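The values are calculated or read from the model by the stated rules, or taken from the named source; none is laboratory data. Quick caveat, the model's predicted, so the values are computed rather than measured. Cβ atoms come from the backbone with ideal geometry, glycine included; neighbour counts cover every protein chain shown.
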Amino acid sequence: MAATDGSNSRSRVWGSITLAAIALPGVMTAHAEEPPEKGLIAFKYLQYKDSQAVDTKYPFYDGSEGNRLDRITVKAPSLYVLAPIGRWSIEGSGVVDEVSGATPRYYSDVSGATKSPGMEDKRKAGDLKLTRYFERGAIALGAAHSTENDYKSTAVSLEGRWASEDKNTTWNLGIANTRDAINPVNEIVVDETKRTNEITLGVTQALSPRDIAQFSLTHSMGRGYFDDPYKLYDHRPRKRDINVGMLRWNHHFESLSASVRSSYRYYSDSFGIRAHTFETAWVQPVMSDFTVTPSVRYYTQNAAKFYFDPVVDTAIYPGPVGNPQFSSADQRLSAFGGVTAGLKFELRLGTWVTDLKVERYQQRSSWRIGGNGSPGVDVFDATILQVGLGTSF
């Protein structure tokens, strides 16, 4: 639901290889100067389901909507394969998303939601990356493609990594280009496009035998169609520049055989959104082959500068007051805070590894840091279940 995840949750190539690999069990990032010694194949199944309260009495509310709206359900099986070939490696992933349900066309007003049985869509996506390893570095070329009923996206990327002579410091530089084609089924627009160029700079530093830190900066320049064609009164600028700063720190507690993983992310864009994400996870081996990882994440953002709050005047609602150049009643662009609590179990048996992860997310306007969030937006909940199985070869 976070606005920083994209202006349209159905409009992205979800996964670079890196994102797919992180989501799968037992996948670790290879050292920049060394190719992987073994291949890996892993399967992941994800199920996502969200819902919201029906508490706010919007204009035209007739009391027949019930006390809760079941919204979007996503079922997504995916496959990841990594194969070393001498000083090279090739890796790829594929995913099929089955999406169904309903979302409000403005705010969280159920009277403006998609009517039963709701929408259904299937998204197919895949990506491929080829990496060449050198004595203290690596270069990787990647490509990704995603297609669904009303949206197609193609991306290419180039990444370079190089390490210091003592291998305690690794620098990273990456560039990417994405091209999207948008053809919504309601034909609000036809053959619209969006293009995004992105650059990332990063450094990873071993601070001690038990501590490692990473810092990265990303700048993204998007041009084209950013409106959500399925929401009313949604008209956004055709330019979106994004800046993201990420700081990660991992520490190992030798006496407990445990590790803490922590991160902070700052996000800002030309829509006027400023967001902060704090996350921490505790990785605790219970036995030699069994690990438990509880985690918690907090996210907060202010509203986009063209997001407008609901008014009670039925002569205006649900539209904006006046005739602004840009406007949106998309609750993802409102001011809110959200908390995600998760628990992951991982079991290793020889070359096999399996995991189970459950996350529960809740979003409230009142949880925003720095004051109350946007009014008139009901509490939003989501449950995410992931099951994975992988083996090396």
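For the reader, a short list of remarks on this structure follows.
Residue-wise test of (1) exposed (fewer than 15 other Cβ atoms within 10 Å of the Cβ); (2) hydroxyl-bearing (Ser, Thr, Tyr); (3) over 20 Å from LEU333 (Cβ atoms); (4) touching a strand residue (DSSP E or B) at 6+ places or on another chain (Cβ under 7 Å).
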{"site": "TYR225", "(1), (2), (3), (4)": "no, yes, no, yes"}
{"site": "ARG240", "(1), (2), (3), (4)": "no, no, no, yes"}
{"site": "SER257", "(1), (2), (3), (4)": "yes, yes, yes, yes"}
{"site": "THR277", "(1), (2), (3), (4)": "no, yes, no, yes"}
{"site": "TRP282", "(1), (2), (3), (4)": "no, no, yes, yes"}
{"site": "ALA303", "(1), (2), (3), (4)": "no, no, no, no"}
{"site": "PRO310", "(1), (2), (3), (4)": "no, no, no, no"}
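- Selection from the range 197-217 of residues that are within 20 Å of ARG274 (Cα to Cα) and either among the small types (Gly, Ala, Ser) or surrounded by 18 or more Cβ atoms within 10 Å (Cβ to Cβ) (or both): GLU198, THR200, SER216
- Selected residue (criterion: surrounded by the fewest Cβ atoms within 10 Å (Cβ to Cβ)) from residues of the range 63-77 that are within 16 Å of VAL377 (Cα to Cα) and not hydrophobic (A, V, I, L, M, F, W, C): ASN67
- Residues (among the hydroxyl-bearing types (Ser, Thr, Tyr) and more than 17 Å from the chain's Cα centre (by Cα)) located in the range 268-285: SER270
- Looking across the range 53-100, the residues that are closer than 30 Å to THR314 by Cβ, touching a helix residue (DSSP H, G or I) at 6+ places or on another chain (Cβ under 8 Å) and aliphatic (A, V, I, L, M) come down to VAL54, LEU69.
- The range 242-255, residues that are surrounded by 14 or more Cβ atoms within 10 Å (Cβ to Cβ) and among the aliphatic types (A, V, I, L, M): ILE242, VAL244, MET246
- Members of the range 260-274 that are touching a residue at least 60 places away in the same chain (Cβ under 8 Å) and either surrounded by fewer than 18 Cβ atoms within 10 Å (Cβ to Cβ) or among the aromatic types (Phe, Trp, Tyr) (or both): TYR267, PHE271
- Selected residue [over 30 Å from THR314 (Cα atoms), at pLDDT 90 or above, buried (at least 20 other Cβ atoms within 10 Å of the Cβ) and of a type in the set (Asp, Glu)] from ASP127, ASP50: ASP127
- Of all residues in the range 364-393 being assigned to a strand (DSSP E or B) and charged (D, E, K, R), the one that is nearest to THR291 (Cα to Cα): ASP381
- Of all the numbered requirements in (1) in contact with a Lys or Arg (Cβ under 9 Å, 6 or more places away or on another chain); (2) of a type outside the set (Asp, Glu); (3) part of a loop (DSSP other than H, G, I, E, B); (4) surrounded by fewer than 21 Cβ atoms within 10 Å (Cβ to Cβ), TYR361 misses one, and that requirement is (3).
- Selection count where residues are more than 22 Å from the chain's Cα centre (by Cα) and charged (D, E, K, R), scope the range 181-214: 5
- Answer residue from the range 286-306, given it is over 30 Å from SER268 (Cβ atoms) and assigned to a loop (DSSP other than H, G, I, E, B) and is farthest from the chain's Cα centre (by Cα) among those: SER288
- Candidate set from the range 357-374 (those that are over 16 Å from ARG332 (Cβ atoms) and of a type outside the set (A, V, I, L, M, F, W, C)); member that is modelled with the lowest pLDDT: GLY371
- Check on VAL321, on the phi < 0 side of the Ramachandran plot, part of a loop (DSSP other than H, G, I, E, B) and exposed (fewer than 15 other Cβ atoms within 10 Å of the Cβ): yes
- Only residues that are under 15 Å from HIS276 (Cα atoms) and not charged (D, E, K, R) were counted in the range 366-375, giving 5.
- Filter pass, THR280 being among the polar types (S, T, N, Q), part of a strand (DSSP E or B) and under 23 Å from ILE72 (Cβ atoms): no
- Only one entry in ARG240, ARG265, ARG261 is under 17 Å from the mean Cα position of the chain (by Cα) and assigned to a strand (DSSP E or B), namely ARG265.
- None of ALA163, ALA102, ALA138 is surrounded by 19 or more Cβ atoms within 10 Å (Cβ to Cβ) and either hydroxyl-bearing (Ser, Thr, Tyr) or touching a Gly at 6+ places or on another chain (Cβ under 7 Å) (or both) except ALA163.
- Spans of strands (runs of 3 or more DSSP E) in the range 154-234 with at least 3 residues closer than 30 Å to THR103 by Cβ and aliphatic (A, V, I, L, M): 169-182
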